[in-house]
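Notes for the one structure printed next.
The values are calculated or read from the model by the stated rules, or taken from the named source; none is laboratory data. Since the structure is predicted, the reported quantities are computational estimates derived from the model, not experimental observations. Methodologically, a virtual Cβ is constructed for each residue, glycine included, from the backbone with ideal geometry; neighbour enumeration extends over all protein chains shown.
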Amino acid sequence: MNIEISGRKYEVTDKVRKIIEQKLEKIRKYFHDIIEIRCVLKVEKYRNICEVQIHGKEHDVASKQEGETMEEAIQMAIDHLKLQAQKNRMKISDRRKGKKAGVSTATEWQVQVLEPGKLRQADHRPRIVKTAKLPVRPLSIEQAALLLDDSKNDFIVFRDIDTTKVSVIYRRKDKNFGLIAPEF
């Protein structure tokens, strides 16, 4: 891990450098993949500003805080980085567990079936002529094939027990079955 500490209109003393390194060591546990840390200390008129950027493999985090003293600005910047790191860590773990925002756990889908003769009007735009609601049940591929064999429908929409993904099994013209399984 490379730590780069610089000052703009501010002389970085050994005391300040030691404070920054100690505080960064404490928040290091929130990051697993730190490549580089940049800390810029500035004084603008009466404001003491601390900018800290942490570059990692999975995500980058940055904070810019100001305080009455440089030590206060450093502490506020480090605290803000800690909050961001915790937030990003939760997002990454949720993604790995499959808890993305907007993931639908629908048990029933509405499917629109079009009759071949009425697909296009005079203006050549397709239109919907029939709708149907189909239950999405958890089944194995073998169970879905047996259901389709006994059914008068040409397809069955089901949730595959092995992969927990929604799949479609359909009847082909040669009397065999086809399977559509999405890749995510």
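Of note:
- Subset tally (residues that are among the charged types (D, E, K, R), out of contact with any Lys or Arg (no Cβ under 6 Å at 6 or more places or on another chain) and assigned to a strand (DSSP E or B)) for region 19-65: 6
- Every residue from region 66-105 that is in contact with a Lys or Arg (Cβ under 8 Å, 6 or more places away or on another chain) and at pLDDT below 65: Asp94
- All conditions but one from (1) within 28 Å of the chain's Cα centre (by Cα); (2) surrounded by 18 or more Cβ atoms within 10 Å (Cβ to Cβ); (3) assigned to a strand (DSSP E or B) apply to Leu81; the one that does not is (3).
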